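Reading through the C-alpha cells given below for one structure.
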Amino acid sequence: MGSVNYSWRLGADDRQEALRKAKLNAVERYIADTNAARSRAFDQQRDRIAAHIDDYVLGATVLSENEDKAAKTYNVVIRADINGTRLLNDLGGGSATAAAVASTQHPMLTFLFVARSQSSVQSFDDKVYKREDVDASASRKTHEGETVRAHSVDTSDSMDTHASMAVTSGGSTTRKADKVDWTVSRASEINTAMTGLFADAGYDVIEADQVESSSNGLLNIDQIRAAYSHGDDLPSQLMRNTTQGVQQAGIGLLAIGTLDVGMQDKDPVSGNTRVYVTVTGKVYNVSSKFARTVSSVGPVQYAGLGPDASVARTNALKLAAQNAAQQMVDELNNKGIH
C-alpha cells in the first residue's frame, strides 16, 4: 500500500508517487519474511533500492485506490511481482558489477556441516525418594485405692492413658534427560548447496578434505563426526585444534554445524511424506590467535516434502543448507567480510 498527500488536486505525479511507495512497501514485506541479517542489509541500501524500484518489481496490479478529498490524501493497494533473485543478489553483493567482484580479493572459507539422524535414544526411569518423619508422645495417670474390713483388705486401681502422633511425609523425584546417539553422515546435498551459495557470494570455498591434509594433523574430520555423534558441541580441545588447523592451512573463515534429520510424518495438506531438518551452525574468523564467532544460525527447522522418506529427506536437507548458508552470507556481508 502507498499513500500520498496532495495540495490542490490529485495529479498524475501524485498517483505515480503513491504507486512507487506501494512497490517499495511490497519489497519491504518480501524482505521481512526472510531473516534479520537480510533486513539489516536492506536498511543499509534502502535509498538505492528505492531509487531503482522498477528494477526489482516486475509488475504491479492495482487492487484498489481511494481518494479522500477532505483530507487531500490518495491511497493505492497493489499486488506486486518481485524479482527476488536480483533483489537478494544485489543485497548480498552491494550491487557490484561482475567485473568488480572478480577483481576483488576474497577471503577463503571452508565449511564442515554434517547430517545427523537419531540412531538410539536411551530413556531413564524417574528416581523417587520418599521420607516419613513420625513424632509420638504419650502420658499416663494411675489411681490406687484400698479398703480395710474386719477380715479382709480390698484394693482397686485405674489408669488413664493419652497418646498423640504427628506424621510428616515428603520426598523428591529426579528425572534424567534422555541420552541420544546420532548416526552422522556428510550428505552430498549439503555440500552442493552450501558450496554454491558461498561461491556465488564471492567467497573462495575450499573443501574441508583438502584443508585437513594441510592442517598439520590438527583438523581431523573423523574426530569431529565422532564428537557430533554423541553431543551438540565439540570438546574444547578438539574445537581449538580444528580452528588452529584451519588457520595453519591458510584459511580465514570456518563454518561448522549440524543438520538434524527428524522422524518422517505425513503432510496434512498434500498427503506427501514430510521430514523436518533442524540446522545449527556458526562461522568463525580464525585468522588471529583466537577464533571469533562472526555469524551464527539456528536452531531453525525446515520441512521437506516428497513421495517417500528418501526424497523428503533430500529436499529438507537441501532447503536447510541453502537457507543456513544464505543467512551466514548475509551476516558476513553486514560486517563487511566479503
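The values are calculated or read from the model by the stated rules, or taken from the named source; none is laboratory data. This is a predicted model, so every value here is computed, not measured. Positions of Cβ are generated from backbone atoms using ideal geometry, with glycine treated the same way; all protein chains shown enter the neighbour counts. Just so you know, the surface numbers come from the protein's heavy atoms only, side chains and all, with ligands and any DNA or RNA stripped out. Shrake-Rupley method; radii C 1.70, N 1.55, O 1.52, S 1.80 Å.
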Open item on the list: Just the residues that are at pLDDT 85 or above and polar (S, T, N, Q), please, taken from segment 74-100.
Closed with: Asn75, Asn83
Task: Residue list for segment 258-298, restricted to those being part of a loop (DSSP other than H, G, I, E, B) and buried (at least 18 other Cβ atoms within 10 Å of the Cβ) - done: Val286, Ala291
- [ ] Return the pairs, sorted by first residue and then second, in which the second residue is in a loop (DSSP other than H, G, I, E, B) and surrounded by 15 or more Cβ atoms within 10 Å (Cβ to Cβ), the first residue lies in segment 202-215 and is on the phi > 0 side of the Ramachandran plot, the beta carbons are less than 6 Å apart, and the residues are 6+ apart or on different chains.
- [x] Gly202/His106; Gly202/His338
TODO: Please work out which one of (1) more than 16 Å from Ile256 (Cα to Cα); (2) part of a helix (DSSP H, G or I) is the condition Leu305 fails and give its number.
DONE: (2)
Open item on the list: Anything in segment 299-338 that is more than 15 Å from the chain's Cα centre (by Cα), of a type in the set (A, V, I, L, M) and either modelled with pLDDT under 85 or open to solvent by 10 Å² or more (accessible area, probe 1.4 Å) (or both)? List them, or say none.
Closed with: Leu305, Ala309, Val311, Val329, Leu332, Ile337
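Restricting the search to segment 183-236, which residues are of a type in the set (Val, Ile, Thr) and either open to solvent by 60 Å² or more (accessible area, probe 1.4 Å) or within 30 Å of Asp90 (Cβ to Cβ) (or both)?
Of all residues in segment 183-236, those of a type in the set (Val, Ile, Thr) come to 183-184, 190, 192, 195, 205-206, 211, 221, 224.
Passing the criteria: Thr183, Ile190, Thr192, Thr195, Val205, Ile206.
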TODO: Tell me, yes or no, whether segment 243-252 has at least one residue that is surrounded by 19 or more Cβ atoms within 10 Å (Cβ to Cβ), in contact with a strand residue (DSSP E or B) (Cβ under 8 Å, 6 or more places away or on another chain), of a type in the set (Gly, Ala, Ser) and not in a loop (DSSP other than H, G, I, E, B).
DONE: no
